[in-house]
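The values are calculated or read from the model by the stated rules, or taken from the named source; none is laboratory data. Note that this is a predicted model, so its numbers are computed, not measured. We place every Cβ from the backbone using ideal geometry, glycine too, and count neighbours over all the protein chains shown.
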Amino acid sequence: MIFDTSIPTMRKKAIIRIKHLLEKNAKIEVLEKKSNRTYSQNNYLHLILGYYAIQYGETMEYVKQIIFKQWVNEHIFKTEFINYKTGEVREAWRSTAALNTKELSEAIERFRNYSVKSLGIYLPEPKDIVHLEEIENFMEENRIYL
C-alpha cells in the first residue's frame with residue numbers, strides 16, 4: 001500500500017502498518033514513491049494525440065506508438081533487452097507511464113514541433129485552456145474516428 005505521509009491520517013496508518021510488520025518480524029522494504037508525472041500532463045498528451053490522430057486520419061494508438069514514440073521520440077522510447085535464452089539483442093519501446101515529467105515534457109514538445117512542421121497542425125500549449133477546450137469538444141464530436 002502507498003501512504004501519502006503529508007496527510008496526517010495516512011501518516012498514522014503508515015506508522016501502524018510498519019509497527020505491525022515489525023511485531024511479526026516480517027521482511028519489509030520501505031521505498032519513497034515519487035510521482036512520475038502529473039495527471040494533467042497525461043490528459044494533455046492524450047488530448048493532443050487524439051486531435052492529431054483525427055486530423056491525420058489514423059487511430060490514436062497508431063499515432064502514439066508509431067509517430068509519437070518511434071518517429072519523433074525514438075531516443076526517449078527505444079530501449080534494448082537481451083533474450084536470456086538466446087542471447088539475442090532485441091529492441092523494445094518504453095511506455096509513457098515509465099517516463100518522468102521532464103522526459104514526457106520533452107517528448108510532447110518535440111511532437112508539437114513535428115506536428116506543425118509535417119502537417120501544419122498546431123497543437124496548443126498546456127496553458128492554452130481555451131484552445132484545448134475547443135479540441136476536447138472537437139474530439140467528442142469526432143470520437144468515432146478514434
Of the residues that make up segment 21-30, is at least one under 22 Å from the mean Cα position of the chain (by Cα), surrounded by fewer than 16 Cβ atoms within 10 Å (Cβ to Cβ) and free of Cβ contacts under 8 Å to residues at least 12 places away in the same chain?
-> no
Out of curiosity, is Thr79 on the phi < 0 side of the Ramachandran plot, among the polar types (S, T, N, Q) and without any contact (Cβ under 8 Å) to a residue 12 or more places away in the chain?
-> no
Of all residues in segment 123-146 being among the aliphatic types (A, V, I, L, M) and touching a helix residue (DSSP H, G or I) at 6+ places or on another chain (Cβ under 9 Å), which is modelled with the highest pLDDT?
-> Leu123
Could you tell me which of the residues Glu74, Glu58, Glu103 is surrounded by 13 or more Cβ atoms within 10 Å (Cβ to Cβ), out of contact with any helix residue (DSSP H, G or I) (no Cβ under 7 Å at 6 or more places or on another chain) and closer than 30 Å to Ile135 by Cβ?
-> Glu58
Look at Glu141 and say whether it is within 15 Å of Gln55 (Cβ to Cβ) and out of contact with any Phe, Trp or Tyr (no Cβ under 9 Å at 6 or more places or on another chain).
-> yes
Could you grab me the full set of residues in segment 86-137 that are of a type in the set (Lys, Arg) and assigned to a helix (DSSP H, G or I)?
-> Lys102, Arg110, Arg112, Lys117
Would you call Tyr62 in contact (Cβ under 8 Å) with a residue 60 or more places away in the chain, under 30 Å from Tyr122 (Cα atoms), assigned to a helix (DSSP H, G or I) and under 23 Å from the mean Cα position of the chain (by Cα)?
-> no
